[in-house]
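The values are calculated or read from the model by the stated rules, or taken from the named source; none is laboratory data. Because the structure is a prediction, the values reported are computed rather than measured. When we count neighbours, we look across all protein chains shown, and the Cβ atoms used for this are built from the backbone with ideal geometry, even at glycine. Keep in mind that these areas ignore ligands, DNA and RNA; they rest on the heavy atoms of the full protein, side chains included. Shrake-Rupley method; radii C 1.70, N 1.55, O 1.52, S 1.80 Å.
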Amino acid sequence: MRHSSTITVAVLVGLVAVVAPLWISIELSWREAIANESSLSLSYGQDVLRRAEETSHQIRDGIALINSAHNKPCSTDELALMRKVDVGSSYIQAVGRMEGNVILCSSVEGSSRILLGSPTVITESSAEERLNVMLPLADHPLEVFSLQGVAFILDPTLALDVPTEGPDISITIFVPSSKNHIIFASRGIHPHPGWYRNITKGSSLTFRDDGYIVTITRAKDIDIAVITTAPESYVINHVNHFARIFIPLGLFFAGLLVWAVTHVSRIRLSLPSVLQGAAKRKEFFVEYQPIVELATGRWIGAEALVRWQRSGRIVRPDYFIPIAEESGVITEITACVIEIVAADLPALLKTSPDFLVAINLSANDLRSAKTVEMLKCLLKRGFIQPVNIKVEATERGFLQGVDTRDILASIRELGIEIAIDDFGTGYSSLSCLQTLGLDALKIDKSFVDTIETDGATSNVVSHIISMAHSLNLIMVAEGVETEAQAQFLKKGGVPFAQGWFYAKPMSFPKLCEGCAIYGVIKDQDVSSRPN
Ligand code: G
Ligand code: G
Ligand code: MN
């Protein structure tokens with residue numbers, strides 16, 4: 001990624017880091033507030049239903065008590081029982097004896113016959129309900145519920161008398177089974193026709209409509225349901241409450257994320273200059289991973305792998321190579337590697353004159369004539385011949401521009417062979433491979449890993465091998481970790497391999513020690529190799 005695009009990404013990520021936590025905190029505050037208001041509304045509805053259910057139990061118990069006594073209707077004994085039921089229940093205003101549309105007598109002292117109109121509703125259990133009845137001595141309409149000859153005078157407004165958070169909470173008690181939703185009692189606004197949703201007994205439902213939070217709750221055992229509505233402005237009150245918790249949290253996380261983004265982008269933006277400094281201060285060093293001849297187990301060469309020692313810690317190339325490539329600092333790193341190889345190699349060539357070192361080149365190196373110059377200088381160092389040096393470049397490196405072709409040709413003119421690295425992980429075409437004039441192909445570790453597995457790409461290795469044969473390319477398998485992989489590759493005609501099965505990357509002195517043992521002997525039992 002280039003500098004300018006790194007800055008653009010950092011700015012975008014920074015913006016998201018500010019906006020996202022704040023947006024999330026506002027959204028959370030709003031959701032919590034709605035949930036809170038909904039559960040309050042639900043609790044009002046449940047409170048009303050609890051009262052209605054309690055009244056229903058008192059009525060059932062009252063009927064059983066009065067009728068099981070088998071007193072003469074309106075006798076002194078029956079009136080006494082009626083008073084007992086009346087006094088013992090909180091929601092029943094009076095109890096009377098009913099015949100047709102007439103209350104014959106009641107628990108009210110000195111009451112006489114009261115003629116009522118016909119019932120408003122007759123329920124499934126044959127109970128009659130008369131709503132909005134103006135009775136003598138009462139100052140507002142009441143409800144008369146009668147069953148099995150016993151009448152109960154109820155005040156539905158008592159059921160509505162639940163304490164709420166504000167005056168704008170509306171409550172409506174209605175008969176859910178009735179076609180036109182007969183209302184028993186209502187306080188505040190009347191529900192919209194669309195709010196009478198059909199829900200199962202004992203359940204509840206909350207929704208938002210027309211600026212209200214609407215909750216509908218239906219009783220389990222009796223034919224009653226309650227609609228509670230709260231204006232959405234009430235939600236705003238709760239939002240403020242939750243916002244006081246969530247927004248500071250959002251601000252905190254926004255701050256934290258912005259700090260992280262600036263921190264990371266500062267590191268990323270400054271890393272190229274840090275790498276440049278590291279190249280000057282000679283903080284890079286090289287480890288060598290032996291390249292082994294599969295048939296004999298002989299160490300015929302090694303790949304030079306750059307390492308960075310930064311304040312006492314070793315930084316892996318996977319971390320800094322991509323950034324070095326983006327910023328172009330890689331050419332300076334390559335120069336360091338070539339210089340180190342030039343200094344190391346002669347000592348080894350004294351004893352192993354055929355030993356070769358493979359040097360990795362990046363796309364930038366393949367576009368710079370300086371690379372050819374550096375390699376030329378390398379060949380002037382004592383004992384170093386073109387056969388002692390090999391260069392490796394990834395598919396990506398080869399494909400970036402036509403100008404790489406000239407550099408590649410110049411390198412080959414020096415007598416240095418060229419290998420394609422990480423083969424199969426890029427997107428080079430076969431025609432490309434043919435025209436580039438390559439000498440060797442490195443089979444990527446990811447394919448070697450699939451050997452002897454039943455993964456989808458497990459037979460790709462065989463195809464790569466046969467392709468390399470037909471293109472006359474020398475093969476080096478990378479990342480060989482097991483005996484089975486080594487045997488498979490050997491059988492397939494792959495002449496060389498690298499990998500932990502043979503040796504991990506090591507310092508130059510260790511390489512020299514290893515070469516003294518494994519560099520000369522033939523037909524070595526490879527399984528006895530150290531790591
Ligand atoms: O062995 P290791 O984990 O160190 O290598 C990680 C990656 O870094 C490999 O893909 C390897 O090709 C790359 N690499 C190692 N050394 C160099 C180098 O000197 N130059 C370039 N361009 N890449 C290197
Ligand atoms: O440049 P190249 O991609 O060839 O670098 C090889 C990389 O693979 C280096 O990082 C090296 O340390 C690593 N490597 C080499 N052999 C093995 C191996 O057998 N197993 C694993 N896991 N990594 C290996
Ligand atoms: Mn390599």
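Candidates 259, 195: the one that is open to solvent by 40 Å² or more (accessible area, probe 1.4 Å) and of a type in the set (A, V, I, L, M, F, W, C) is 259.
Can you find, within the stretch 143-161, the residue that is nearest to residue 60 (Cα to Cα) among those that are surrounded by fewer than 19 Cβ atoms within 10 Å (Cβ to Cβ) and not charged (D, E, K, R)? The residue in question is 148.
Would it be correct to say that residue 33 is assigned to a helix (DSSP H, G or I) and at pLDDT 85 or above? When the stated conditions are applied, residue 33 passes them. Exactly one residue out of 210, 221 is charged (D, E, K, R) and on the phi > 0 side of the Ramachandran plot: that is 210.
Please verify whether the stretch 269-286 includes one or more residues that are within 14 Å of ligand 2 (Cβ to nearest atom), assigned to a strand (DSSP E or B) and in contact (Cβ under 8 Å) with a residue 40 or more places away in the chain. Break it down stepwise before answering.
As a first pass, look at the stretch 269-286 and keep what is within 14 Å of ligand 2 (Cβ to nearest atom): 286.
Checking the rest, the ones that are also assigned to a strand (DSSP E or B) come to 286.
With in contact (Cβ under 8 Å) with a residue 40 or more places away in the chain added as a condition, the list becomes 286.
Within the stretch 269-286, one or more residues are within 14 Å of ligand 2 (Cβ to nearest atom), assigned to a strand (DSSP E or B) and in contact (Cβ under 8 Å) with a residue 40 or more places away in the chain.
Checked against (1) exposed (fewer than 14 other Cβ atoms within 10 Å of the Cβ); (2) under 30 Å from residue 245 (Cβ atoms), residue 50 passes all but condition (2). Residues that are in contact (Cβ under 8 Å) with a residue 60 or more places away in the chain, away from ligand 2 (no atom under 16 Å from the Cβ) and open to solvent by less than 20 Å² (accessible area, probe 1.4 Å) number at least 1 in the following helices (runs of 4 or more DSSP H) confined to the stretch 305-389: 330-349. Taken across the stretch 275-292, residues that are within 16 Å of ligand 3 (Cβ to nearest atom), touching a Phe, Trp or Tyr at 6+ places or on another chain (Cβ under 9 Å), more than 30 Å from residue 165 (Cβ to Cβ) and polar (S, T, N, Q) do occur, with at least one present.
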